[in-house]
Amino acid sequence: MTEREKIEILQKKAEIPEVVRKKMQLAYGQIRQEKRMHEEIEGQKNERGKTVVSKKKVAIILAVATLSLATVSVAAGVYIRWSEGLKEKLQLTRTQEKELEEIGAAESTEASCTSQGITVTVLQSITDQNFSHLAFSVKGYSAETKEQPDFEQVIVKVDGKEVNASGSFRNFGEEDMPGYQKADGTMEYLMQIDSNEENGLAGKKIQVILENLGTVNKQAEFVSGVKETWTLDWELAGTEKEEGLSVNQTIGDTDTVVKSIEITPLSLTIHYDMPRKKITKQSYGDDGVTTWETYEEPWFLYGFRMEDGTVRQMVFQSQEQGYDDETTEAYTVKYATDQIVEAEQINSLLYVKPGGNLQEPGEEDLVEVKLPK
């Protein structure tokens, strides 16, 4: 039985997603190429008279390839190539990885762009309606051990509209000895984007434009290395999964009410009822002191108290916040979170009182807003 016949039998026995079918065809092409290479070099001898490649070795390679295809298509359904950088950044457990795969939030793609010997490839995306975390592999550029690589400009468009984006190269080293290249010489660039549109990110066409690759010096100035542009286009997968909870609880003895929340795999949105209170702020710059009036913001959100009683500190990145319109007291804050947290595991929100320690608050600094069950 030929390898092609084996693959066709697998295809008949299981319903195979299109993305896996394409990977199988690609693998089959690689198998044929291995066979051709073997036929070409089988008779060749090295200077000691030994055969360069043995038939047994090629047969083993083909058997492993066939077994891998069966495992991917029949057992797993869809293969996800996980980025070590994203797993580390979001502190993912294997259970959370599987859940993100099952709900369609995690995706591997084949989008790639090569210019001047440098190849940028999309490794993975994790996307919900509000935010997307992206990981890219950069191959062919060598930075000194302690030099921080960076792109001079990053532009991201979703359905043709530019969105907010921030990114940096992953540091594989220690604080006093940074290192940005893996053993194979590749680097990993991590990016986060957010949508300003109500219809979200999942299922949308995305274009990432990376301009000029260089390094950042100690003065935080970009030092040009390679002047070039890498453009990648693909369609974001993603999940629309969202859990909404009606809360209607005040924050301590204030008149600010947590009306409701929405939790997705990558974000937390809080809706407040918050009377407007004008405050004066100042900033100091080269032109002196600038003073302006604005409105008081909600207390600092520190993290969650979980169902088991433990406190989970979260890094909440406030992407959008403010009053819903010019007259209302409805105030909304949308956060990106640094960890994946299941809504059913959260017992309460934890806020820090004004004047409390924002980084390591004691229990006396915290005010708890319980969530309904």
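The values are calculated or read from the model by the stated rules, or taken from the named source; none is laboratory data. Note that the structure is a prediction, hence the values are computed from the model and not measured. Note: ideal-geometry Cβ built from the backbone for every residue, glycine included; neighbour counts use all protein chains shown. Just the protein is used for accessible areas: all its heavy atoms, side chains included, with ligands, DNA and RNA removed. Shrake-Rupley method; radii C 1.70, N 1.55, O 1.52, S 1.80 Å.
Of all the criteria given as (1) closer than 16 Å to ILE270 by Cα; (2) open to solvent by less than 80 Å² (accessible area, probe 1.4 Å); (3) not aliphatic (A, V, I, L, M), the one not satisfied by GLY362 is (1). Report, by residue number, each residue of segment 284-299 that is surrounded by 10 or more Cβ atoms within 10 Å (Cβ to Cβ) and of a type in the set (Gly, Ala, Ser). Listed by number, the list is empty, since nothing qualifies. Entry remark, segment 156-180: residues being open to solvent by 40 Å² or more (accessible area, probe 1.4 Å), hydroxyl-bearing (Ser, Thr, Tyr) and within 17 Å of GLU84 (Cβ to Cβ) number 1 in total. For ASN248, the conditions (1) open to solvent by 50 Å² or more (accessible area, probe 1.4 Å); (2) of a type outside the set (A, V, I, L, M, F, W, C); (3) under 30 Å from GLN148 (Cβ atoms); (4) modelled with pLDDT of 95 or more are fulfilled apart from (3). Each residue in segment 180-237 was checked for being in contact with a Cys (Cβ under 7 Å, 6 or more places away or on another chain) and either modelled with pLDDT under 90 or not aromatic (Phe, Trp, Tyr) (or both), and 2 pass.
Quick grid of which residues meet (1) outside any strand (DSSP E or B); (2) small (Gly, Ala, Ser); (3) more than 20 Å from the chain's Cα centre (by Cα); (4) farther than 24 Å from GLN129 by Cβ:
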| position | (1), (2), (3), (4) |
| --- | --- |
| GLU211 | no, no, yes, yes |
| GLY214 | no, yes, yes, yes |
| SER224 | no, yes, yes, yes |
| LYS241 | yes, no, no, no |
| THR254 | yes, no, yes, yes |
| ILE261 | no, no, yes, no |
| PRO265 | yes, no, no, no |
| ILE279 | no, no, yes, yes |
| VAL289 | no, no, yes, yes |
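From the list SER125, SER195, the lone residue that is in contact (Cβ under 8 Å) with a residue 60 or more places away in the chain, under 16 Å from GLY85 (Cα atoms) and not aliphatic (A, V, I, L, M) is SER125.
If you check GLU152 against the conditions, is it modelled with pLDDT of 95 or more, of a type in the set (D, E, K, R) and either open to solvent by 70 Å² or more (accessible area, probe 1.4 Å) or under 17 Å from the mean Cα position of the chain (by Cα) (or both)? Answer is yes for this residue.
Of the strands (runs of 3 or more DSSP E) lying entirely inside segment 82-146, those containing at least 1 residues that are in contact with a Pro (Cβ under 9 Å, 6 or more places away or on another chain) and surrounded by 18 or more Cβ atoms within 10 Å (Cβ to Cβ) are 118-127, 131-139.
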